[in-house]
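Any read-out appearing in this document is the output of simple, stated calculations on the displayed coordinates, not a laboratory observation. The structure presented is a predicted model; accordingly, all values stated were derived computationally and were not measured. Backbone-built Cβ (ideal geometry, glycine too); neighbour counts: all protein chains shown.
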Amino acid sequence: MTRYLLSRTAQALLVLLGAYTIAYLILYLLPGDPLAILLNAAGRDIDALSPAEIAEARRFYGLDGTPLERYFELLWNALHGDFGFSASKNAPVAQLILERLPQTLALGGLAVAFSIVEGVGFGYLAASVRSPVLARFLARLPAFGVSLPSFWLGLLLIHLFAFTLGWLPAAGNDGFRSLILPAFTLSLYSAAIYAQLLIRGLEAASREPFIVTAYAKGLTRGEVQFRHAFRNAALPIVTLVGLQIGNTFSGAVLIETVFTRTGVGRLAEEAVLRQDIPVVLAVVTLSAAGFVFINLLVDLLYPILDPRIDHASKG
Amino acid sequence: MKVLRRCFIRMFRRRAASATIVALSALTFVAASREQASGAGSRATTLRIAFNADNPLLTSLDPFQVYWIEHRVVLRNVVESLTDQDPATGKIIPWLAESWETGADGASYLFKLREGVTFSNGEPLDAEAVKTAFDADKAFLATSPGAFGAAFLEGYDHAEVIDPHRIRIVLSKPNAGFLQATSTTTLAILAPESYKRSAKERSLGAIIGTGPFVLASYTPDVGLELVRRKGYGWASHAVDNGGEAYLDRIEVRYVPEASVRNGQFTLGETDILWPRDPFSEADIRVFKGKGAAIASRSLPGPAYNLYPNVAAGRPLADPGLRKALQKSIDRTSYARTVYSDDFPVVQGVLDATTPYFKSEKEKLAYDPEGAARLLEAAGWTLGKDRYRYKNGKRLSLLYVLWTKETAGDLLLQDQLRKVGIELKLSFLVPGEMITALSAGKYDLVALYLTRGDPIALQSVLDPRFAPTGSRAAARNVFPPEIGPAAEKLFDAGLVATRGDDRARAYGELQDLLIDNNLAFPLFERVWQTALTGKVSGFAWTAEGFATLSSVRRTP
């Protein structure tokens with residue numbers, strides 16, 4: 001098990017390094033002079049500077065040296081928690097992210113919780129109904145949830161719950177109440193996918209021989225469904241939750257704008273728009289790290305959830 | 001759907017939060033309780049303003065660096081200037097300086113300061129403080145030559161303190177716009193303490209002024225809070241209420257999503273709705289239905305103009321094509337369609353509220369037939385696809401846009417299609433825009449600046465003065481044969497000390513831009529706010545900002 005853990009962690013680090021490298025390549029080697037962009041964000045014009053000043057500015061922003069040297073320097077700094085300085089935000093990138101991260105973590109966390117409750121709840125319900133017509137109808141419904149654009153859904157929910165019913169605030173970062181609508185909006189896509197997966201899983205499980213055995217033992221329909229079919233069908237959802245967490249955080253980019261929240265998603269969106277390279281690089285690295293960590297956690301959870309899976313034997 | 005909805009509603013009503021939800025959301029409770037602790041107190045006299053998103057490019061409240069007009073509205077109520085500009089006449093009137101004399105050469109100004117004025121930290125406003133402010137701005141400019149305040153401080157050399165209440169500002173060369181500059185937020189006088197802090201700290205809110213409100217907090221992208229300054233009493237004559245503000249607090253929120261912003265307003269969660277773009281006819285109808293009033297003012301400075309890239313090899317280097325383009329734009333239907341029936345139709349290069357504005361209405365008449373004739377004569381013939389071609393090449397113009405298009409951009413595209421010109425919209429993020437402008441890879445770009453003096457034209461179009469970002473575009477506006485003449489007019493406007501001379505110089509400059517079709521006005525930059533029925537006393541300043549000390553809000 002230790003060996004598996006070590007190899008899996010090494011893999012995770014490799015993925016992280018890959019994500020960082022690709023982000024660096026895309027951002028720094030894009031056409032256009034990163035120095036001109038950085039200077040512009042700081043309110044200066046590269047054309048107005050003398051060659052000596054340009055060289056000085058290049059050193060100041062860490063843009064001197066070859067791209068490879070810069071890459072290693074940035075990586076070294078990032079490993080020490082120094083993600084550079086955002087010229088247009090007038091703040092160190094690490095500070096910006098630390099300020100914004102709690103908002104996005106709360107939103108993402110609640111959205112994941114919502115999506116599990118909604119997705120599993122709905123999937124379970126849909127597989128439990130006896131009427132074949134209703135069951136088919138319910139089984140088709142998640143496809144609708146997958147195809148709803150989240151910004152549109154967000155605006156719709158704002159109109160219903162904030163402007164028409166007045167139950168929840170439409171926007172802002174003011175506490176738990178302001179988190180419910182954005183988290184729900186963000187959760188629906190993942191929830192629909194979990195529901196689809198669970199409905200299919202339960203359907204497949206219901207044809208398995210052990211289900212027949214369970215019925216033969218005299219268990220009720222509810223008991224068979226929950227104890228035998230559900231436990232088997234739910235396992236793939238765990239994998240998917242790990243993957244969906246990544247989507248949830250990228251979805252935060254849209255949701256945070258619609259709901260006027262200040263999180264990492266909006267920080268990333270604005271940083272991309274003004275080509276604030278240090279911020280984009282830090283956000284990409286951070287989300288990649290989160291993604292890798294969650295998926296590592298999911299992998300390690302498997303043997304606990306399903307004793308038949310044993311990582312040690314593979315290693 | 002009904003079942004689903006009932007399901008959701010029930011879910012929320014019960015607040016059916018599972019243990020997991022509670023655990024995961026513990027983080028937000030911390031943030032929440034902190035938010036709710038503040039602000040509960042004096043609801044009755046708190047005014048809530050909703051603006052569009054905060055400046056995405058530059059986080060700064062430092063008056064000397066700020067170009068973002070929403071920030072300038074706020075600053076106008078926190079920091080004050082030597083002079084004020086009368087919103088009705090555009091004349092410069094006393095404020096922190098009760099009188100002044102202009103030197104015979106137009107290169108020095110002797111200001112006599114009003115006595116008894118203090119900054120909100122208790123420091124007195126005296127000649128030393130004014131000198132500190134001007135010198136600090138000059139020092140900042142030395143480190144950051146592209147800063148917004150550069151054009152306002154143009155020519156400032158040094159200040160001589162004559163006695164505690166008299167100061168002479170000496171310019172190294174005449175600058176006719178300087179007196180107006182002393183009335184702007186850009187050259188506002190901050191307390192000496194503010195200049196002991198770094199420019200970065202000032203950007204993040206270390207702003208101490210003499211105004212009727214004090215900046216209590218600023219959270220970039222979220223909002224800011226102003227509180228009433230006790231003992232205030234030195235407003236300029238342009239302001240109705242000369243004493244302390246009627247409001248206790250002002251809460252400003254940045255709300256990027258228009259429908260959310262509008263919804264909050266109609267629900268009464270916002271008292272003043274103040275987006276960047278004018279309202280649509282439909283919005284106005286909804287707001288008025290809720291008892292709201294709409295206040296409008298054209299922002300002084302250039303109108304919303306498109307400027308051509310006339311560099312050799314680009315299609316708009318051809319004067320005939322520029323003329324045809326000018327004739328192809330239907331400005332009346334632009335104002336009516338995109339905005340509303342009573343929206344003013346743009347009449348010239350400048351907005352009508354700018355001093356020395358000259359109407360060029362006749363020259364900007366819509367004349368699609370005339371445009372077609374010009375194009376026909378120049379050899380651009382209509383192809384099967386209704387676009388014009390010459391030597392097998394389609395007549396196509398590249399219009400670079402900041403991030404996204406508006407309804408107006410699409411309408412313009414449609415208007416040009418009618419005469420056979422293809423307008424390609426190219427959406428660029430700010431970083432790409434800088435690259436595109438410096439490389440000259442565009443045909444049309446929109447630039448503007450808000451300032452209550454025609455000198456604003458120089459800041460936009462004169463490459464010697466244009467700020468960072470638009471300098472490259474300014475270089476591409478004038479063909480080599482017209483550039484020197486334009487430069488001469490810019491200089492004449494800058495050094496003229498008599499009103500008549502300025503009127504002549506800027507009148508000729510406006511003519512030059514329209515006669516040579518080097519500016520394509522699209523619409524008057526009208527700023528609109530919607531005010532709930534509870535708000536009264538709202539008044540615009542000359543530069544299209546607002547004095548909030550006269551505003552009252554009934555509970």
Inset, instruction - With θ set to phi - 60°, apply the Karplus curve 6.51 cos²θ - 1.76 cosθ + 1.60 along the range B:166-179 and write out the HN-Hα couplings as whole Hz, x wherever there is a Gly or Pro. - result: 10, 9, 10, 9, 10, 9, 7, 8, x, 9, 5, x, 5, 4
Inset, instruction - Would you mind giving the mean number of other chain beta-carbons within 10 Å of the Cβ of each residue in A:87-95, as a whole number? - result: 4
Legend entry - 5 angstrom amide H check on residue A:91, placed H, neighbours 5+ away: A:86
Inset, instruction - First measure r as the distance between the Cβ atoms of residue B:554 and residue B:201, then evaluate 1/(1 + (r/R0)^6) with R0 = 41 Å and state the FRET efficiency to the nearest 0.05. - result: 0.60
Inset, instruction - Could you grab the relative contact order for chain A? Cα pairs under 8 Å, six or more apart, rounded to a whole percent. - result: 26 percent
Legend entry - the range B:281-322 versus the range B:469-517: alpha-carbon centroid distance in Å: 21 Å
Inset, instruction - Arrange the following residues from fewest to most other Cβ atoms within 10 Å of their Cβ: A:180, A:294. - result: A:294, A:180
Legend entry - Whole-Hz ³J(HN,Hα) from phi, Karplus 6.51 cos²θ - 1.76 cosθ + 1.60, for the range A:96-112, glycine and proline x: 4, 5, 4, 5, 8, 4, x, 4, 6, 5, 5, 5, x, x, 5, 5, 5
Inset, instruction - Quantify how strongly other chains surround peptide B:251-261 by giving the mean number of their Cβ atoms within 10 Å of each of its Cβ atoms. - result: 5
Legend entry - Relative exposure of A:178, A:115, B:108, judged by other C-beta atoms within 10 Å (fewest first): B:108, A:178, A:115
Legend entry - Theoretical gain in end-to-end length, residue B:345 to residue B:515 [0.36 nm per residue, Cα-Cα removed]: 59.3 nm
Inset, instruction - Provide the per-residue ³J(HN,Hα) series for the range A:164-175, in order, calculated from phi with Karplus coefficients 6.51, -1.76, 1.60 and θ = phi - 60°, each as a whole number of Hz, with x at glycine and proline positions. - result: 8, 8, x, 7, 10, x, 7, 7, x, 10, 7, x
Inset, instruction - Give the distance, in whole Å, between the Cα centre of the range B:521-536 and the Cα centre of the range A:83-120. - result: 35 Å
Inset, instruction - Only Cα pairs under 8 Å and at least 6 apart count here; give the relative contact order of the range A:102-275 as a rounded whole percent. - result: 34 percent
Inset, instruction - Divide by every residue of the protein assembly as shown the summed helix terms, -39500 (n - 2.57) for each DSSP H run of at least 4, and state the resulting mean residue ellipticity at 222 nm, rounded to the nearest 500 deg cm²/dmol. - result: -15000 deg cm²/dmol
Inset, instruction - Compute the signed sum of charges (Lys and Arg +1, Asp and Glu -1) over the other residues within less than 11 Å, Cβ to Cβ, of residue B:534. - result: +2
Inset, instruction - Hey, can you grab everything whose amide H is under 5 Å from the amide H of residue B:54? Only 5+ residues off in sequence or another chain; H modelled, so Pro and N-termini drop out. - result: B:221
Inset, instruction - Could you tell me the distance between the Cα centroids of the range B:198-220 and the range B:339-382, to the nearest Å? - result: 43 Å
Inset, instruction - Run the quick spin-label model on residue B:286 and residue A:151: label points 7 Å from Cα toward the beta carbon, then report their separation in nm to one decimal. - result: 1.7 nm
Inset, instruction - Could you tell me which trypsin sites (Lys or Arg not before Pro) in the range B:479-525 are loop residues by DSSP with no more than 13 other beta carbons within 10 angstrom of their beta carbon? - result: B:498
Inset, instruction - Pull up all non-local amide H partners of residue B:85: gap of 5 or more, or a different chain, and H-to-H distance under 5 Å with H placed in the peptide plane. - result: B:93, B:542
Legend entry - Taking A:223, B:508, B:154 and counting other C-beta atoms within 10 Å, the order from fewest to most: A:223, B:508, B:154
Inset, instruction - May I ask which of B:418/B:441; B:323/B:363; B:290/B:404; B:138/B:173; A:89/B:441 have a Cα-Cα span longer than 19 Å here? - result: B:418/B:441; B:290/B:404; A:89/B:441
